[in-house]
Amino acid sequence: MKIDTEQVIATYKDRIFAIGLTMLKNPDDAEDVVQETFLRYHTYKKDFESKEHIESWLYKVAINKAKDIQRKFWKRKQVSMEDYMATIPFDRSQDEELFQAVMALPSKYSIVIHLYYYEDYSIKEIAQQLKLNEGNVKVRLSRARQILKEQLKENWNNEE
Amino acid sequence: MKNKEAYKQAFKHVHYQKEINLNQRKIPKSLLTLATSLIVLLSTFTVAYAFDVGGIQSKLEVWFHGEKRSVQYEKVQDNAYHFYTTDKNGDVVDMGVHIGLKGTPFGIQTMNGDEIANSLNDDSEIVYDEKEDKYIFYYQDKAVDITKMFDKEKECYLVINNGEKDIYFVISYKDKIDEDSTISQYSDENAAVTQGVTVKDIKNRFIRIK
């Protein structure tokens, strides 16, 4: 199966942008991730098995693209995170603090946190997506939670 | 509110705003050069801006990927410091968030940013060079291609003189070198590598890097 590109864009553009933002902490670079991911989908000739397969494929491409950008020597910060955050209409101050705390995490922690808490991925699914073993994912998740707890205090629960 | 609900609430207003162009483009080389020049100019400005943002505490020199780099840090939490450096083009390189602990006569204490920066000078790191498909081990001014230096036990033994003394490294991994490797570092030949086995006992395994 192959879903129409426009439909895939409508469904996933915000989610892929959030993944790019979480990994790169930079809206310009995150926009590149979105652009390149959908271009890749649009020109991809093979069929997918299911909607889940498409989602997993898109996230894999987006994560790899973000890793490529991280490695590039000319990785830019044309728009600062502070400027970008000023454009987000957060409902509550706690939302802004949580967003800021996630953006301050090293990428290897923030992507794991994001896939777990935003995309509802299981540890096994995160391990598959990031090509890590489950133990590594658990360690990263635990360290990230610890940092978030230290920073957000009562606004971040001890529950998993 | 549960963490998952709070997280989704925090990210619910994150939207991709631009149009997505599905036409593949080829950029003429002259335009590419111009664009790159502009990017470098912009980034130089941004570096200055980013480093002027409140909270930057210090400017120090630290070994990073085989080169002495100017490093700055920002205190992001009580004991955590976010380190940055710049590459040869002046672009910001994120060195991650570090928390340091030190033993004192009064027990274990946390390090301040300057102390962490100094301790980074003695840090080693493995980086995967995707272009060359190589794993590079960095320690101070040394960059060693360790890709084919592992034995059957997935262990690699190196010794490097840091100008003052020999430092012994035992690098091991489980599945992927850059993802689950462990680097054990010893400055004393009598230090135990495993129970009952000291560095001195297995000294002939270490390959000296000059």
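The values are calculated or read from the model by the stated rules, or taken from the named source; none is laboratory data. Predicted, not measured: the structure shown is a model, and the values here were computed from it. Here the Cβ positions follow ideal geometry from the backbone for every residue, glycine too, while neighbour counts run over all protein chains shown. When the accessible area is computed, the model is the full protein with side chains, heavy atoms only, and any ligands, DNA or RNA have been set aside. Shrake-Rupley method; radii C 1.70, N 1.55, O 1.52, S 1.80 Å.
Within segment A:2-23, does at least one residue satisfy the condition of being within 14 Å of the chain's Cα centre (by Cα), within 10 Å of another protein chain (Cβ to nearest Cβ) and aromatic (Phe, Trp, Tyr)? Yes, that holds for at least one residue. Among the residues of segment B:1-17, those that are facing another protein chain (nearest Cβ under 7 Å), open to solvent by 60 Å² or more (accessible area, probe 1.4 Å) and either out of contact with any helix residue (DSSP H, G or I) (no Cβ under 6 Å at 6 or more places or on another chain) or modelled with pLDDT under 70 (or both) comprise B:2, B:8. Going residue by residue through segment A:126-144, is there one that turns out to be facing another protein chain (nearest Cβ under 8 Å) and closer than 14 Å to residue A:20 by Cα? No, every residue in segment A:126-144 fails to be facing another protein chain (nearest Cβ under 8 Å) and closer than 14 Å to residue A:20 by Cα. Within segment A:2-55, if we keep just the residues that are small (Gly, Ala, Ser) and surrounded by 17 or more Cβ atoms within 10 Å (Cβ to Cβ), the residue that is nearest to residue A:100 (Cα to Cα) turns out to be A:18.
Of all residues in segment A:91-119, those satisfying the criterion of being within 13 Å of residue A:19 (Cα to Cα) and open to solvent by 40 Å² or more (accessible area, probe 1.4 Å) are A:108, A:118. Candidates A:139, A:112: the one that is within 14 Å of the chain's Cα centre (by Cα) and either of a type in the set (Val, Ile, Thr) or closer than 23 Å to residue B:84 by Cα (or both) is A:112. In the set (1) open to solvent by 80 Å² or more (accessible area, probe 1.4 Å); (2) within 21 Å of residue B:21 (Cβ to Cβ); (3) modelled with pLDDT under 80, the condition left unmet by residue A:79 is number (1).
Could you pull out every one of the strands (runs of 3 or more DSSP E) wholly within segment B:88-179 that has 1 or more residues that are touching a Pro at 6+ places or on another chain (Cβ under 7 Å) and free of Cβ contacts under 8 Å to residues at least 60 places away in the same chain? The qualifying strands (runs of 3 or more DSSP E) are B:92-98. The lone criterion from (1) closer than 19 Å to residue B:137 by Cα; (2) exposed (fewer than 13 other Cβ atoms within 10 Å of the Cβ) left unmet by residue B:177 is number (2).
Among the criteria (1) part of a strand (DSSP E or B); (2) at pLDDT 90 or above; (3) surrounded by 13 or more Cβ atoms within 10 Å (Cβ to Cβ), the one residue B:202 does not fulfil is (1).
Residues in segment A:87-105 that are assigned to a helix (DSSP H, G or I) and β-branched (Val, Ile, Thr): 1 in all. Among the residues that make up segment A:62-77, is at least one of them over 17 Å from residue A:20 (Cβ atoms) and outside any loop (DSSP other than H, G, I, E, B)? No: segment A:62-77 contains no residue that is over 17 Å from residue A:20 (Cβ atoms) and outside any loop (DSSP other than H, G, I, E, B).
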